[in-house]
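Read through the structure below, which is laid out as structure tokens, and then see the notes.
What follows draws every value from the coordinates through simple rules; no lab data is involved. Just so we're clear, the structure is a prediction, and the values are computed from it rather than from any experiment. Glycine also receives a Cβ, built like all others from the backbone with ideal geometry; neighbour counts cover every protein chain displayed.
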Amino acid sequence: MEFLKETVEVVLLNPARDFKREVKLIEYRSDPLTGYHSRVSHDRAKRVKQAQKMTVDVSDIVSRSAEGCYFCSENIGRATSKFISEIQVGNGDGRITVGQCTLFPNLHPFAEHHAVGTLTGRHYMELDEFTPRMVADNLTAALDYISAVLHIDAKAVYPVWVWNHLPPSGASIIHPHVQVALERSPMPELASLLSKSEGYLCDTGANFWHELIAVEREGGERFIGENASFAVMSTFSPRGNRDVQIISKRVSGIADFDERHISDFADAVVRVLRGYKSMGVNSFNLVTYSAAAGDYPEHFRFSARMISRPVFQPLYSNDSGPMERFYGLSIIEVMPEQVAAEMRKQFSR
């Protein structure tokens, strides 16, 4: 397993320092499995962002968006859709309810089987206010939905659990919610991970994910923490700022989660959220990579990936530009090793 990194120097005359020579360092990094390229320039975090502040009062936006919010507890019963009778879920009322989570069909789907599940009855949450129980209840509801869909569509075997929090992440609704979908074939990135993981096993005789956990744990520089079921680390070649991976030690797919996996995954996610909060983050994306339900590939392990997004406010600078969207190259301003050092505090408690 190779962690390829090259550091280059950029020399310029800085007007803020009477045009004295100044050296800027950029790291070119390559993912050890996929080869994905990132460029890490910590100095970019200091650049002027004219339309963005790090702290801002969003109470007015939150208050206005709460008026008539479909996902708030007083509206959810009348404003959200219901599953058709063929999908046997919950207690027969067309939705799934577990704790504070209510899960229902997405009114604007982008997949054949696509649901939305709330995490709380509250309209707005700071990242350190989410609890493991909220995440665990949502996961439990999602697994009930996955099971119900598989009962009527045995070909929809690839589950997806995605959490986009606040508008900078791409979420259209402020109220905390997760999206659950089932696909008949793996999405392109998952297909690549499955293929490259299998290739790694064939070439080395080892499971890439087990080796990654062991190598990062031993190195310690990017390893954040772990519990019985999952290991957490910052990503060597990030796809976004503060890129964190949560990797299963045993299971390949989310459909194989038992109560312990649900509890441990929820705990890991909440600790990462608390770490983000301590870094001034309030918006993020979380995506999952899961093997097919009923499939137990020896070469693959379930994983989740989280990245921070710009601070939620009336005006903000998007952190995804043409390099990310069109060239497959991420430009990163936060060192993965710094992310791990800050995040590790949440896993040592």
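Counting neighbouring Cβ atoms within 10 Å and putting the fewest first, the residues 224, 96, 262 line up as 262, 96, 224.
Here the Karplus curve 6.51 cos²θ - 1.76 cosθ + 1.60, taken at θ = phi - 60°, turns the phi angles of region 7-17 into couplings of 9, 10, 10, 10, 9, 8, 9, 8, x, 6, 10 Hz, with x standing for Gly and Pro.
Exposure proxy shown here: for 239, 349, 309, the number of other Cβ atoms within 10 Å sets the order, fewest to most, as 349, 239, 309.
Across the chain, Cα pairs under 8 Å and at least six residues apart give a relative contact order of 20 percent. Each Lys or Arg adds one and each Asp or Glu takes one away; over the other residues whose Cβ falls under 14 Å from the Cβ of residue 62, this sums to -3. A cut-off under 12 angstrom between Cβ atoms defines the neighbours of residue 191, and their net charge, with Lys, Arg +1 and Asp, Glu -1, is -2. Take every Cα pair under 8 Å whose residues are at least 6 apart in sequence, average their separation, divide by the length of region 289-349, and the relative contact order is 15 percent. Distance between the 7 Å Cα→Cβ label points at residue 13 and residue 214: 5.5 nm. Summing charges over all other residues whose Cβ lies under 14 Å from the Cβ of residue 91, with Lys and Arg as +1 and Asp and Glu as -1, gives 0. Just checking the listed ones, 204, 97, 288: in the Gaussian network model of the chain with Cα springs under 10 Å, the one fluctuating most is 204.
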